[in-house]
1. Rounded, prolate or oblate, given the Cα gyration tensor of the range 26-116, with a/c below 1.5 counting as rounded?
2. With a/c under 1.5 counting as rounded, go ahead and sort the range 46-87 into rounded, prolate or oblate using the C-alpha gyration tensor (a ≥ b ≥ c being the square roots of the eigenvalues; past the cut-off, prolate if a/b is larger than b/c, else oblate).
3. Between Asn99 and Arg51, what is the label-to-label distance in nm when each label sits 7 Å out along the Cα-to-Cβ direction?
Amino acid sequence: MRATLPLALTLLAASCAAPATDGRGEGLAVLVLRLTSELNRATVERTMEERAPGFRDLPGLVQKIYGVDPVSGDYCGVLVFRSRADLEAYRVSELARSNPAAYRVVNSRAETYDLLFTLHPGLKAGGR
């Protein structure tokens with residue numbers, strides 16, 4: 001999973017519509033989720049799309065990247081928040097608590113990071 005994190009953050013930086021900066025991501029917090037689901041890929045992707053509006057409306061969320069490991073079939077979500085407080089608020093939210101049932105999760109792992117900087121500037125302190 002760690003090998004995919006730099007690529008995910010590079011893609012994130014390229015996809016965020018934010019003013020150009022020196023690339024420092026001070027204050028931003030990253031949550032990387034990896035899960036194994038009992039559901040087939042089509043059902044997981046449909047579930048992701050159905051749940052996307054909840055993430056679009058999530059306070060403090062700057063961006064979310066969805067992915068699948070082509071070898072294991074595990075899924076990942078890379079979520080970037082404006083602050084550690086926003087990340088922690090998400091972790092105790094109903095949206096986060098409903099993930100295991102929505103995806104019929106059999107195994108999962110979550111890792112949190114403080115964003116140091118991005119290769120391609122586009123995120124600035126506070127995620128603005």
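1. It comes out prolate by the Cα gyration axes.
2. Judged from the Cα gyration tensor, the range 46-87 comes out oblate (a/c at least 1.5, b/c at or above a/b).
3. Going by the 7 Å Cα→Cβ label model, 0.7 nm.
Coordinate-derived values only; no laboratory data. Note that this is a predicted model, so its numbers are computed, not measured. As a convention, Cβ positions derive from the backbone with ideal geometry for all residues, glycine included, and neighbour counts pool all protein chains shown.
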